[in-house]
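The values are calculated or read from the model by the stated rules, or taken from the named source; none is laboratory data. Quantities reported herein were computed from a predicted structural model and do not represent experimental measurements. Every residue, glycine as well, gets a Cβ built from its backbone with ideal geometry; the counts of neighbours run over all protein chains shown.
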Amino acid sequence: MCPDFDKDGERPVLRAALGTHWVADAYGCDRQLLNAEGVELALIEIPEVLGLRRVSEPQVSRHADGSVAGVVLIAESHMSLHGFPATGGLHVDLFSCAPFDLPVLRSELTERFRALAFEETLIDRGIPV
């Protein structure tokens, strides 16, 4: 259980831990690798590397600005990537009710897209009990 507070910040409310949500911006990626094929392959392979179970095929879309976005459902929730070849940026979102190895995830993204740096937020998600 995780302690939390009501909307007035006065009474403690108990939360049951639900999962981990990692949101990150990767910078300095190789612009040639931020394409639909690279995003799709990452969405197929990274969940497997992390021991998560993919329950859908990735859905990937190309946008007029040259960016590419993709999402895949996993039994534990979802993973999404949005790459911007013009700037070398990649936005990443992974929420999972099952634990995953964050250093392995960073390493996979660094290797696949040649990311030089990450700005990231890790959120422990929960539900009121």
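For segment 77-113, filtered to residues that are small (Gly, Ala, Ser), in contact with an Asp or Glu (Cβ under 9 Å, 6 or more places away or on another chain) and surrounded by 15 or more Cβ atoms within 10 Å (Cβ to Cβ), the residue that is modelled with the lowest pLDDT is 96. Scanning segment 25-49 for residues that are within 13 Å of residue 110 (Cβ to Cβ) and crowded, with 17+ Cβ neighbours inside 10 Å returns 26, 29, 33, 42, 46.
For segment 63-76, state whether one or more residues are surrounded by 17 or more Cβ atoms within 10 Å (Cβ to Cβ) and at pLDDT below 95. Looking through segment 63-76, at least one residue is surrounded by 17 or more Cβ atoms within 10 Å (Cβ to Cβ) and at pLDDT below 95.
Being among the aliphatic types (A, V, I, L, M) and modelled with pLDDT under 95 is the requirement here; does residue 46 meet it? Judged against the criteria, residue 46 is not a match. Reported count of residues in segment 58-71, each being assigned to a loop (DSSP other than H, G, I, E, B) and under 22 Å from residue 106 (Cα atoms), is 2.
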